[in-house]
Amino acid sequence: MTILSAALLLSAILGAAPAAAPADPNPLAAADMMDEVVVSADRSEATNFLTARQVDVLEGAELTAGQPDSLPEALASQGYFVQKTNAGAGAPIIRGQIGMENLVLVDGVRFNQSTWRTGPLQYLALLDPYMMSRVEVLHGPGSVLYGSDAMGGVIQALTSDPRAGRFAPLGGRLIARGGSAARSGGGLVEGSFVGDRAAALISLSGALVGDLTDGDGNSQVLSSVNRAGGRVKGSYKLADSWVLTGTSIFSAIDDAGRADKLGKGEFTIYDNQDVLSYVRASRKGQGLARNLQVNLSHHYSREVTSVFKCAYTDTDPKAIADYTACVRRELAGLSDRSRATDSVSTPGFFATWESSLLGDRLQTIAGAEGYVDLVSSGTRKAAAKDAWVWKDADRGNFSEDSSYLTLAAYLRAKYTLPLARDHRLQFSAGSRFTHLAASAADVPGYGDVEFDFQGLVGSAGLSYIYSDLLHLYFDWSQGFRAPNLQETTVMGNTGKDYEVPNADLTPMTSDTLEVGAKLHTALGSLGGAVYKTWVHDMIYRSELTAQEITDLGIDPTVLGTQKAYRRINVGSAEYKGLEARLETAAWSGLRLKASAAYVKGDVTDKDDKTQAATRVPPLSGSASLLFDDPWKHFVFAEAQVLWALKQDRLSSSDKDDLRICEDPANPGKVLAACKGTPGWAVINLRAGVRPFQGGEVTLGVENLLNEDYRIHGSGIDGAGLSGTLLFSMVL
């Protein structure tokens, strides 16, 4: 932990403003759209019904209803399409975008860093769902308010506040859970103090997850993982409505295996540690200074990527000599191993100023922010032929002391025009200016690299609102993603292939047109949108020719069976799709929830040829029938179906991806005529009781029909028939 992280951690313990009493812990309790407040669509508190975007809200109890081991699993259990290369990972796909094309926030603080890999990644799994009060998912670009990476959407995790319990001013929570699919177990213990002006919270959590058993009863090798986390949060109510808040969150993922290339005699183990801390001063008022916030943060991450290569027999260079010894990482079964360590320190700030003028008809938000990633990187290698003596490589994944600076300012305004009784129009417009600068020394093929970009993005929208019943909207939003250090400076094995840097990349941008509707009646709520996104200067993987490999001075023996790729800016891409979500009002304790999403993507490459975009999910969704005893609030139950149709519309990259097209008869090789990923449907049952005040016991049966399935693009199969058990108690 850095000095700044320690300082912020200390400040967080100072205390917090009094928190409200805990909400009903029932994960099946219905939320009224008219009262549901979201912060992600407008970067300020707003009623979800009145926001001219599709925003999903998962309250804390919904996040934990499926007893997940990670936040990606929590999202998947609620019907989101989440790709998993390995058990320690999980990458939601929003409107066809994955990884760095989606921005992750924690309490408004940027979580993405410039060293994150493009495509599927594991960093969202560092966030513990049991420490969150809610998660909001904004569908579509959010770059005007949030900057780079917010192209497909924004995932904002909001941590829970201290809350008083039955022994006020003290309170607490205890959670214990387990599951049979991976012989997993974990829990959380938390204590809170709430006073007149101050409050504080401290929590610890952990989980041990074994190898996952699929629908065929097979234990999936290298699918175990260990997790640990902790958090302190506090704030102090100052004079004149100012509140000082501090938070520090620690998380770790250890021994997370990746086995999708094991058929080629290679696998990877990831170890991640992360500390995110911030101190925030905020004030709520009226008029010209309705809300003010000033936030200082520090984000430290450390990733150790260990790559192991199996030894082959002397007689057959394609036959693994001792498969078991290799997977167990015994030296007798290995030929090579390497360990890359990348550490990133990210100090940052943001400030926001919200105003409400003209009788609240005109609302504005203005802000500025800045983050700088400071990178330390190193790699060590050892081989059987060298008697396993560790040797330091000349360079790590990244150049030592690389930096990546982002500075930005933005303004967004929203004006409401009253019409006839209960009718009104709402206009919105916004823009952001961003300056980005990066530097890295001794980049292979480029030498010292320095580059910078400046750019503008904008948004505009029009809404028609009738009473509290109907909201129709049209929205145009731009998104962008600047090339990061991984794309511009990294040379080597980054997971799937051998990557070659390209310091000449420029940002990719997008324009999205969206038409949506939100309907709210006494019978329930319905929301949906259709959209089309045009991506410009798309950053796309281009395979290098043999001559290009030679010109770059790459030793072909280093590549082995891997192909070499470089990221380039190519023509364009188009994504179009639709989303729908339904929730009925409760009738005698029963209600229905359902959602569905479809997206189609096409990419025009450097040769002006159009093909399917990579890793686009098929039509998928969820449906749940929920029951909560409306008389005694004692029993609750849920029957759920998660489903996806087949995906046989593949890009050339998909067809070359072992996670999608591996030949079962020839591990490590792709099928000559790959048909993609079959469709699937999984039935889950959950039921629970509240044996005493504040206590809850939930029993779940996952994959009731023992379906053998795989989520499109994933490196592991889904769990087979299994049981889960959770006990929670609020003190």
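None of the figures in this text is laboratory data; all of them are computed from the coordinates on show. Keep in mind that what you see is a predicted model, and the values were worked out from it rather than measured. Ideal geometry is used to build each Cβ from the backbone, glycine not excepted, and the neighbour counts take in all protein chains shown.
Of the residues Gly479, Ser219, Ser70, the one whose Cα sits farthest toward the positive end of the charge dipole of segment 3-730, with +1 on the Cβ of Lys and Arg and -1 on the Cβ of Asp and Glu, is Ser70.
Given DSSP loops and a limit of at most 16 other Cβ atoms within 10 Å, what is the longest stretch of the chain that contains no such chymotrypsin sites (Phe, Trp or Tyr not before Pro)?
Working: sites that count: Trp388, Trp390, Tyr446, Trp631, Phe634, Phe692.
Formally, the longest exposed-site-free interval is 1-387.
Each of Leu170 and Ala517 was given a label point 7 Å from its Cα along the Cα-to-Cβ line. The distance between the two points is 5.5 nm. Subtracting the Cα-Cα distance of Leu731 and Asp240 from their residue separation scaled by 0.36 nm leaves 173.5 nm.
For segment 709-718, putting each phi into the Karplus relation 6.51 cos²θ - 1.76 cosθ + 1.60 with θ = phi - 60° gives couplings of 8, 9, 5, 3, x, 7, x, 9, 7, x Hz, in residue order, rounded to whole numbers and with x for Gly and Pro.
List nothing, just return the count: lysine pairs in segment 237-356, 8 or more apart or interchain, with Cα separation under 22 Å.
Values: Lys237/Lys284; Lys261/Lys309; Lys261/Lys318; Lys264/Lys309; Lys264/Lys318; Lys309/Lys318.
Count of close lysine pairs: 6.
Once you reduce segment 189-210 and segment 551-614 to the center of their Cα atoms, the two points are 38 Å from each other. Approximating the spin labels as points 7 Å out from Cα along Cα→Cβ, the Ser431-to-Trp587 distance works out to 5.1 nm.
For segment 570-622, the set of GluC sites (Glu not before Pro) satisfying both a DSSP loop assignment and a count of at most 13 other C-beta atoms within 10 Å is empty. What is the distance, in nm, between label points placed 7 Å from the Cα along the Cα-to-Cβ direction at Ala351 and at Leu462? Those two pseudo-labels are separated by 3.7 nm. With the helix formula -39500 (n - 2.57) applied to DSSP H stretches of n ≥ 4, the chain reaches a computed 222 nm mean residue ellipticity of -1500 deg cm²/dmol.
Tally Lys and Arg at +1 and Asp and Glu at -1 over the other residues with C-beta under 9 Å from the C-beta of Asp128: what net charge comes out? Once all neighbours under 9 Å are counted, the net charge is +2.
For segment 286-312 and segment 361-438, what is the centre-to-centre distance using only Cα atoms, to the nearest Å? That distance is 10 Å.
Note down the net charge around Val82, summing +1 for each Lys or Arg and -1 for each Asp or Glu among other residues with Cβ under 13 Å from its Cβ. Don't jump to the answer; show the numbers that get you there.
Working: positive: Lys84, Arg615, Arg710; negative: Asp69, Glu73.
Net charge in that neighbourhood comes out at +1.
Applying 1/(1 + (r/R0)^6) with R0 = 60 Å to the Cβ-Cβ distance of Asp629 and Lys609 gives a FRET efficiency near 0.55.
The loop-placed trypsin sites (Lys or Arg not before Pro) in segment 626-731, going by DSSP, that have at most 13 neighbouring Cβ atoms within 10 Å of their Cβ come out as Lys632, Lys675.
For segment 104-186, applying the loop criterion from DSSP together with a ceiling of 12 other beta carbons within 10 Å to the trypsin sites (Lys or Arg not before Pro) yields Arg166. Other residues with beta-carbon under 13 Å from the beta-carbon of Arg231 carry, at +1 per Lys or Arg and -1 per Asp or Glu, a net charge of -3.
Is there a quick way to get the dipole size of segment 3-730? I mean about its Cα centre, with the Cβ of Lys and Arg at +1 and of Asp and Glu at -1; what is the value in debye to the nearest 20? List each step's numbers first, then the result.
Values: 68 positive and 84 negative charges, 266 e Å.
It works out to roughly 1280 debye.
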